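Values in this text are rule-based calculations from the coordinates and carry no lab data. Note that this is a predicted model, so its numbers are computed, not measured. Quick reminder, even Gly has a Cβ in these numbers, built from the backbone with ideal geometry, and neighbours come from all protein chains shown.
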Amino acid sequence: MDETTKAEIAEHILEMVTQLAPKATYRSMYGGTVIGMRPSDPKSRVAGVFIYARYVSVEFTKGIFLDDPNQVLESSGKVPRHIKLHGLGDIRAKQCQALLKQALTNAV
């Protein structure tokens, strides 16, 4: 995947967050953008968007608690979960909006 496509995916995800939660905060951390609900409060972190060599990852801080009937979330860790996006079509196919909405709603 080229850099332009990865940037478009990340931008689309962040725009989606802004539409779902206008008061969400964004912070550059860990080589990506971390999304929280209160400035300077690490406990309010909900998700993050990270660009890797072959995909864009949307990482959910408390992903294990999200309803994921189609099992698109990945990870074998205790709580965090993530989705690997390999193209713009994956945003819809992997139900990013529904999962972001759950995560943002649960964080309020």
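Summary table below
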| item | result |
| --- | --- |
| Number of Lys pairs (Cα under 17 Å; 8 or more positions apart or on different chains) in the chain | 10 |
| Value of [θ]222 nm, deg cm²/dmol, for the chain, DSSP H segments ≥ 4, -39500 (n - 2.57) each, nearest 500 | -10000 deg cm²/dmol |
| Ordering of 85-97, 57-69 by packing [mean C-beta count within 10 Å, highest first] | 57-69, 85-97 |
| Distance (nanometres) between label positions extended 7 Å along Cα→Cβ at E8 and R92 | 1.4 |
| Measure of compaction for the range 31-86 (Cα Rg per 2.2 N^0.38 Å) | 1.15 |
| Residues N70 and D41, FRET efficiency given R0 of 22 Å [Cβ-Cβ distance, rounded to 0.05] | 0.10 |
| Summed residue charge, Cβ within 10 Å of M37's Cβ, Lys/Arg positive, Asp/Glu negative | +3 |
| For the range 76-108 and the range 1-49, distance of Cα centres in Å | 12 |
| Ranking of Y55, Y30 by count of other Cβ atoms within 10 Å, fewest first | Y30, Y55 |
| Gaussian network model of the chain, springs between alpha carbon atoms under 10 Å - residue of V46, V79, V56 with greatest fluctuation | V79 |
| Debye intensity ratio in log₁₀ form over the Cα atoms of the range 3-107, taken at each q of 0.20, 0.21 Å⁻¹ | -1.02, -1.13 |
| Along each principal axis, Cα extent of the range 2-62, largest first, Å | 33, 23, 18 |
| Spacing of the two label points (7 Å from each Cα toward its C-beta) at T105 and T25, in nm | 2.4 |
| 10 Å beta-carbon shell around R54, net charge (K/R +1, D/E -1) | +2 |
